[in-house]
Amino acid sequence: MHELSLAAIRRALEAGDFTAAELVESLLGRIEAHDGNLNSFVTVTGEQARAAAAESDRRLAAGTARPLEGLPLAHKDIFCTAGVRTSCGSRMLDNFVSPYDAAVVERLKAAGAVMLGKTNMDEFAMGSSNETSYYGPVANPWDTARSPGGSSGGSAAAVAARLVPAATGTDTGGSIRQPAALTGITGLKPTYGRVSRWGMIAFASSLDQAGTLTRSAEDAALLLGAMAGFDERDSTSLDEPVPDYVAGLDRSLEGLTIGLVRQFFDEGLEADNEAALRAAAAELEGLGARVRQAELPNIGLSVPTYYVVAPAECSSNLSRFDGVRFGYRADDPKDLLDLYCRSRAEGFGAEVKRRIMTGTYVLSAGYYDAYYLKAQKVRQLISDDFRRAFAEVDLIAGPTTPTPAFELGAKIDDPITMYLNDIYTIGANLAGLPCLSVPCGFSAGLPVGLQLIGPPFAEQRLLACAHQYQGATDWHRRTPAGYA
Amino acid sequence: MSWETVIGLEVHAQLATKSKIFSGAPTRYGAAPNTQACLVDLGYPGVLPVLNRGAVVMAVKFGLAVGAAIAPRSVFARKNYFYPDLPKGYQISQYELPIVTGGSLEIVTDEGEVRRIGLTRAHLEEDAGKSVHEGFERLTGIDLNRAGTPLLEIVSEPELRSAQEAAAYMKAMHTLVRYLGICDGNMQEGSFRCDANVSVRRVGDGKLGTRTELKNLNSFRFLERAINFEVERQVDLLEEGGTVVQETRLYDAERDETRPMRTKEEANDYRYFPDPDLLPVQIDAALVEQVRATLPELPDARRRRLGDEYGVKADDAVVLAASPALANYFEASAAAGTSDGQTVANWVLGELSAALNRDGLDVTESRIEPAGLAQLLDRIADGTLSGKLAKQVFEAMWTGEGDADAVIEAKGLRQITDTGEIRRIVDEVLAVNPEQWEQYRSGKTKVLGFFVGQVMKATKGRANPAEVNRLLKAALDGD
C-alpha cells in the first residue's frame with residue numbers, strides 16, 4: 001500500500017481495493033516503526049487523520065468524492081494548521097498552536113486530502129541540511145548517517161522512506177529541490193505567486209514559494225492543481241488560470257528545446273553528478289527534445305545576492321517573534337529590553353540569529369546602498385539572464401546539487417560551504433521561476449537530481465517533461481533499503 | 001539681536017475607512033481592548049497584509065485638494081523597530097516613494113493676512129496599538145485595537161514662522177480633512193494628531209538652526225504653548241552661548257514644558273526597505289479623475305468666496321468656512337434676506353452660535369431656520385427693530401414663540417421712530433428731571449446718558465436710539 005503513488009491510491013480507493021481508513025492505519029504504523037530513526041515528523045496527527053479518513057470513506061461510498069479524496073500527505077511544519085502545533089522547527093514556536101489554516105492546508109483539506117502530520121525542517125526554513133531544527137536533524141533514508149538536505153528535510157525523508165506518499169514543502173533558495181534530489185524523489189517549486197503564501201510562516205517573502213515533494217511528476221501535478229490559484233489574502237499571489245496539470249502530462253517532448261546551463265558545469269560539480277546529468281540529457285534527447293547549451297552569465301552571483309536579500313527580509317519578518325503575544329517567552333524578564341533580548345536569544349537557534357544579524361547589517365544606515373540595493377540590482381541582472389535564455393530555449397536544465405547527500409555534521413560548522421550547496425537552485429528563486437528536481441541516477445548508492453527550470457507559469461511544460469522522463473526511466477521508483 | 005522661529009508640522013490624520021489599512025478588522029473607536037484586532041493586526045505567524053483601496057482613494061482626494069502631485073507608483077516600506085504596541089516589529093509606511101508629493105495649504109494669520117504654506121509630502125501608513133498603564137500593577141497592558149488603523153502623515157515645509165501660524169495651519173488642515181470627509185478630526189480620540197519640528201535662527205541667517213521634534217501635541221492650544229515654550233528655551237540656550245541638541249521632546253501640558261524623550265544618538269536606525277508582501281501602488285489617470293469629480297468646494301475657496309460674494313471680513317470667513325454646516329447656514333440666511341453679508345455673519349457667529357453652544361446643539365439642529373434669522377435681520381434693516389430689540393426678539397424666537405413678525409406683534413416690540421412721539425417723551429423726561437438738566441447746562445454733559453436711559457425706560461426700549469440721541473441733544477442744547 002505504501003509503495004503506491006497518489007494517482008494509484010486514488011484509483012485503488014475508487015475501486016474499493018482498500019479504504020482510506022486502512023491506508024491511514026498502515027501509514028501511521030510505518031511512521032511508528034521507522035520515524036524513530038528518521039525523525040522526519042515533528043507532530044503526528046493520528047486522531048485527526050483517522051477522522052478525516054472516515055469522512056473520506058463516507059464520501060467515497062456516497063459517490064461525493066472530492067478531487068484528492070482520502071489521499072494521505074504531510075505538511076511541512078512551516079504551514080499553519082488550525083488546532084495543531086505549528087513549530088517552524090523552532091523553540092520559539094514549540095508552544096504555538098495556530099488558530100488558523102494556511103491557504104495550502106485549507107485547499108488540500110477542501111480537496112479531500114488527509115493530513116498525517118507535520119514534518120521536521122530547518123529552523124524557520126534556514127538551512128540546507130535539516131540540522132538547524134530545534135527537534136534535531138532528520139536522517140536520510142538512503143544512509144541515516146547523512147543529511148536528507150533542507151530545509152524541507154522532514155518532508156523529503158518521509159516521502160523517500162514511504163512513510164507518506166506526498167508532502168508539502170517550501171522553497172526559498174532550494175529547500176524543496178535540494179532535499180528532493182538528495183533523497184531520490186520529485187520536488188516541485190512553482191512560479192512565485194502561483195501558490196498563496198497565506199499562513200506559510202515567512203522566511204524571505206520575495207523568495208518563499210510553497211510546493212510539493214512526491215515520488216513522481218504525476219503526483220506533483222495532482223497536488224499542484226489543488227494548491228495553485230489566486231488568493232486575495234496574498235497580495236503577491238497571481239491571478240492566472242490554473243490549467244489541468246494532470247491532463248497536460250502526456251505532451252511529448254518532440255520539438256522541445258532544453259538548454260544545459262554552461263555555467264553550472266563548474267569545478268564544484270562532482271563527476272558522478274555530472275555523469276548522471278549528461279546521461280539524463282541524452283535520455284531527454286532520445287525522447288525527442290533538442291538539447292543545447294544555455295548561458296546564464298551572472299548566475300555565479302546568485303549565492304552572495306541571495307545571502308543579502310534573504311537575510312534582510314528575514315531580519316524584519318522574524319521581528320514579530322518578541323515574546324509578547326505568542327511563542328517562547330523568557331522566564332522572569334527584568335524589563336522590556338530583557339524580555340526581548342532573552343526571549344529571542346533563547347528562542348532562536350544559531351543559524352537564525354546569524355541571518356537576522358546579517359540582514360540587520362545589510363539594511364543599516366550607511367550599508368543599505370552597498371548591500372541591499374546592490375543585491376536587488378544584481379537580482380535584476382540574474383532575472384534578465386533567464387529571460388534572455390528563455391528566448392532561445394523552452395526549459396533550462398542543470399544539476400540540482402553539486403554533490404550527493406553529505407554526512408550529518410560535515411558542514412554545519414561552516415556556513416559558507418553549507419550555503420554553496422544551493423548554488424544551482426538559488427537563481428530560480430531570485431527570478432521567481434518554476435522549477436523541479438527529478439531523480440536521475442546514483443553516486444555511490446546515493447540519489448542524484450536533475451533540475452529543470454521554466455519561464456513563469458510553465459509548470460505544465462516542466463511537469464510534462466519530467467513525466468515523460470519518468471516514463472522512460474525508473475530512478476524515481478528506487479526505494480531505499482529497509483523501506484520497501 | 002532678534003530671532004526667527006522656523007516650524008514644520010507633521011500631522012497624522014486617521015483615515016475614516018470602515019476597516020483597517022491592511023486587514024478587514026473594524027476601525028471603530030472605544031471597543032473593549034483587543035476586540036478589534038484580527039490575526040493580521042496581531043502580527044500572527046503567516047499572515048499577510050492586503051491594502052485597503054478606500055485608504056488610497058482618501059489619500060488621492062487629499063492630494064488633489066492641496067494641489068499636490070499624485071504618484072502614479074508609490075511603494076510601501078517597512079520601518080523596523082521593537083515596541084510592544086507594534087506587533088510585527090515593523091510599521092508598514094511609505095518612505096522613498098510616497099503617494100502624495102508637494103501641494104500647499106492657505107492659512108489666515110491673526111493679522112488677517114493670507115499665507116500659503118508648502119507641503120513636502122503625504123504618505124499612507126498604519127497606526128500602532130496603545131500601551132495601557134492604568135489598572136496594571138508593575139505591568140503594561142497592550143491594546144491592539146488601533147493597530148493597523150490607516151493614517152495619512154502630512155508633512156509641511158519648514159515655512160511656519162510662529163506658534164500662532166502653526167496653530168492656524170493645524171486648524172486649516174483640520175478643517176480640510178473634515179471637509180473632504182477623510183478624517184473625523186476627533187482630537188480627544190487621537191484621530192488627528194501633530195508633531196512639530198522647531199528651530200530658531202538669527203534674523204537674516206540663511207542656514208536653519210538645529211531642530212527639536214515636539215510630540216504629544218493633541219490640541220491647538222497645546223501646540224501653540226509647546227512651541228512658545230520651546231522657542232523660548234532654544235533662544236535662552238543660544239543666547240547663553242549653548243547649543244540646541246537635536247532630539248525628540250515630549251510636551252507636558254500639566255507643567256507647560258517640553259522634556260527630552262530621546263536624542264539623535266539614541267534614535268532607532270529604522271532600516272527602511274520596500275515591503276516584499278505588498279506590490280507597488282499603481283494609480284492611473286482615470287482613478288485620479290474619478291476622485292477629482294468627488295471633491296467638494298474646499299475651505300480655502302469657500303473662505304475666499306464668502307469674502308468676495310458676501311463681503312464677510314477675513315477672520316469671520318475663516319471661522320464660517322471651518323464648518324461646512326455653519327457656512328451653509330450663513331449662505332442660506334444671507335440669500336433669504338436683504339441684509340448685508342457681514343451683518344448676517346455677525347449674527348450667525350454671535351447670537352446664533354452662542355445659543356447653539358448654550359443648548360449644546362449642532363447648527364443643523366438650530367431652533368431658528370436660516371430664513372427666520374433673515375426675516376429678523378430684515379426688521380433691523382427696515383427700522384422696525386433696533387439691534388437691542390432684535391436680540392430680545394431672537395431670544396423669543398429661540399424659545400419657540402413664533403417668527404420675528406409674530407414676536408414683534410405679540411410683544412409690541414416695534415421700534416418707535418415717529419419724531420413727534422419721541423420728542424413728546426423727551427420733553428416729559430426733561431420736565432421731571434430739572435436737577436440733571438441743570439447739571440448738563442453747567443457742563444456735565446455726561447448726564448446725556450442718564451436722559452437716554454430715562455427715555456428708553458419710558459418707551460420700554462422701543463425708541464429708535466439714534467433719534468433719541470438727536471432729539472435729546474437738540475432739546476438740552478436749546479436749539
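Read-outs throughout are calculated quantities, based only on the coordinates presented, and are distinct from any laboratory measurement. Note that this is a predicted model, so its numbers are computed, not measured. Glycine gets a Cβ as well: all are built from the backbone with ideal geometry, and neighbour counts include every protein chain shown.
Around B:Leu39, what is the net charge, scoring Lys/Arg as +1 and Asp/Glu as -1 over all other residues with Cβ under 13 Å from its Cβ? Around B:Leu39, the surrounding residues sum to +3.
When restricted to Cα atoms, chain A yields an Rg and a Dmax of 21.0, 69 Å, respectively. A Förster radius of 25 Å combined with the Cβ-Cβ distance from B:Glu365 to B:Ala406 puts the calculated FRET efficiency at roughly 0.70. For B:Asp127, the residues 5 or more places off, or on other chains, whose built amide H falls under 5 Å of its own are B:Gly148, B:Thr149, B:Leu151. Over all Cα atoms in the stretch B:120-239, the spread is summed up by Rg and Dmax: 17.0, 54 Å. Taking all Cα pairs closer than 8 Å and separated by 6 or more residues, the relative contact order of the stretch B:419-476 comes to 47 percent.
Toward the positive end of the charge dipole of the stretch A:1-154, with +1 on the Cβ of Lys and Arg and -1 on the Cβ of Asp and Glu, the farthest Cα among A:Asn95, A:Gly83, A:Gly46 is that of A:Gly83. For the stretch B:299-411, the orientation-averaged shadow of the C-alpha convex hull comes to 6.4 nm² (one quarter of the hull surface).
In this simple spin-label approximation, B:Gln282 and A:Ala62 carry label points 7 Å from Cα along the Cα→Cβ vector, and these lie 4.4 nm apart. In this Cβ point-charge picture (+1 for Lys and Arg, -1 for Asp and Glu), the stretch B:299-411 has a dipole of about 280 debye about its Cα centre. Extension gain for B:Ala431-B:Asp340 works out to 28.7 nm (0.36 nm per residue, less the C-alpha to C-alpha distance).
A dipole drawn for the protein assembly as shown from +1 and -1 charges on Cβ atoms has a positive end, and of B:Leu214, A:Ala481, B:Pro434 the residue lying farthest that way is B:Pro434.
Maximal additional length on extending the B:Met261-B:Glu113 stretch stands at 49.7 nm, based on 0.36 nm per residue less the C-alpha distance. Can you list the equivalent-ellipsoid semi-axes of the protein assembly as shown, largest first and in whole Å, using the square root of 5 times each Cα gyration tensor eigenvalue? Value: 78, 29, 25 Å, ordered largest first. Pop the C-beta distance of B:Lys18 and A:Arg387 into the FRET formula with R0 = 51 Å and round what comes out to the nearest 0.05. In this case the efficiency is close to 0.75. Relative contact order of the stretch B:299-411: 21 percent, from C-alpha pairs under 8 Å at least 6 residues apart in sequence. Neighbours of A:Ala405, meaning other residues whose beta-carbon lies under 13 angstrom from its beta-carbon, give a summed charge of -3 when Lys and Arg score +1 and Asp and Glu score -1. Taking other residues whose beta carbon is less than 12 angstrom from the beta carbon of B:Ser131, and scoring Lys, Arg as +1 and Asp, Glu as -1, yields -1.
Peptide B:269-282: average number of partner chain Cβ atoms within 10 Å per residue?
Average per residue, whole number: 5.
Charge dipole (Cα centre; +1 on Lys/Arg Cβ, -1 on Asp/Glu Cβ; no other charges) of chain A amounts to roughly 440 debye. Given their separation in residues at 0.36 nm each and the Cα-Cα distance between them, B:Asp308 and B:Ser104 gain 71.3 nm when the chain is fully extended. Here the simple spin-label model places points 7 Å from the Cα toward Cβ, and for A:Glu14 and A:Glu232 these points are separated by 3.4 nm. Based on Cα atoms of chain B, Rg over Rh with Rh as the Kirkwood radius reads 1.12.
Considering only A:Ala365, B:Val114, B:Gln342, and ranking their Cα positions along the charge dipole of the protein assembly as shown that arises from unit charges at the beta-carbon of Lys, Arg, Asp and Glu, the one farthest toward the positive end is B:Gln342.
Considering all different alpha carbon pairs of the stretch B:419-476, the Kirkwood hydrodynamic radius works out to 11.1 Å. Coupling constants for the stretch A:38-46 follow from the phi torsions by the Karplus curve (6.51 cos²θ - 1.76 cosθ + 1.60, θ = phi - 60°), and in residue order they are 7, 6, 7, 9, 8, 9, 9, 9, x Hz; glycine and proline get x. Membrane-span-like helices in chain B, defined purely by DSSP H runs whose alpha carbon atoms cover 27 Å or more axially and whose average Kyte-Doolittle hydropathy reaches -0.5, are B:220-239. Computed over chain B, relative contact order equals 14 percent, with contacts defined as Cα pairs under 8 Å that lie 6+ residues apart.
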